[in-house]
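Just dropping this structure here.
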Amino acid sequence: MTLPPRINIVTLGVRDLAASTRFYEALGWVNSSASQDGKITFFALDNVVFGLFPRDQLADDAGVPDAGDGRAFRGVTLAINGNSEAEVDAFLKSAVDAGAQLVKPGQKVFWGGYSGYFADPDRHLWEVAFNPFMPLDDNGLMTFPD
């Protein structure tokens, strides 16, 4: 049996679950975790579940040491794409208005698109991009050229 090509849940380890939950709610995401007794937060996104879980408990669950305060680059970014450069700038502004730190403003990039970065309260990096070579379909999902 092979591993199916999908991601069902992305979970971020966070220092303050309540504060991080409020941040993502301020982005306009709907908290879908009413039955979880405040131990984890889930947001049902378009094609994946996004979870927040206390950082130390997530490290313990995985059986690895907690790497610290999260200030170092983790080797991972999350991304959301928009339909235009203006939409990227609007998304970045919305994130900053919700409490994100702007890491890199929207700008033309070497691969021919446009992108910028923000960091959430735990410094998880989010890229916001417009990729003219992989437009979004009517559901906001990336399409791949033939």
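The values are calculated or read from the model by the stated rules, or taken from the named source; none is laboratory data. Just so we're clear, the structure is a prediction, and the values are computed from it rather than from any experiment. As a convention, Cβ positions derive from the backbone with ideal geometry for all residues, glycine included, and neighbour counts pool all protein chains shown.
Within the stretch 91-129, how many residues are more than 19 Å from A72 (Cβ to Cβ) and of a type in the set (K, R)?
The number of residues fulfilling the criteria is 2.
How many residues does the stretch 1-52 contain that are surrounded by 16 or more Cβ atoms within 10 Å (Cβ to Cβ), hydrophobic (A, V, I, L, M, F, W, C) and in a strand (DSSP E or B)?
Of the residues in that region, 6 qualify.
Please work out if E127 is surrounded by 14 or more Cβ atoms within 10 Å (Cβ to Cβ) and either part of a helix (DSSP H, G or I) or assigned by TED's automatic domain parsing to the domain that holds R15 (or both).
No, not satisfied.
Looking only at residues in the stretch 94-126 that are polar (S, T, N, Q) and free of Cβ contacts under 8 Å to residues at least 60 places away in the same chain, which one is farthest from T21 (Cα to Cα)?
The qualifying residue farthest from T21 (Cα to Cα) is Q107.
Among the residues of the stretch 91-114, which ones are surrounded by 14 or more Cβ atoms within 10 Å (Cβ to Cβ) and not in a strand (DSSP E or B)?
F91, L92, K93, S94, A95, A98, G99, A100, V109, G113 - these are the residues of the stretch 91-114 that are surrounded by 14 or more Cβ atoms within 10 Å (Cβ to Cβ) and not in a strand (DSSP E or B).
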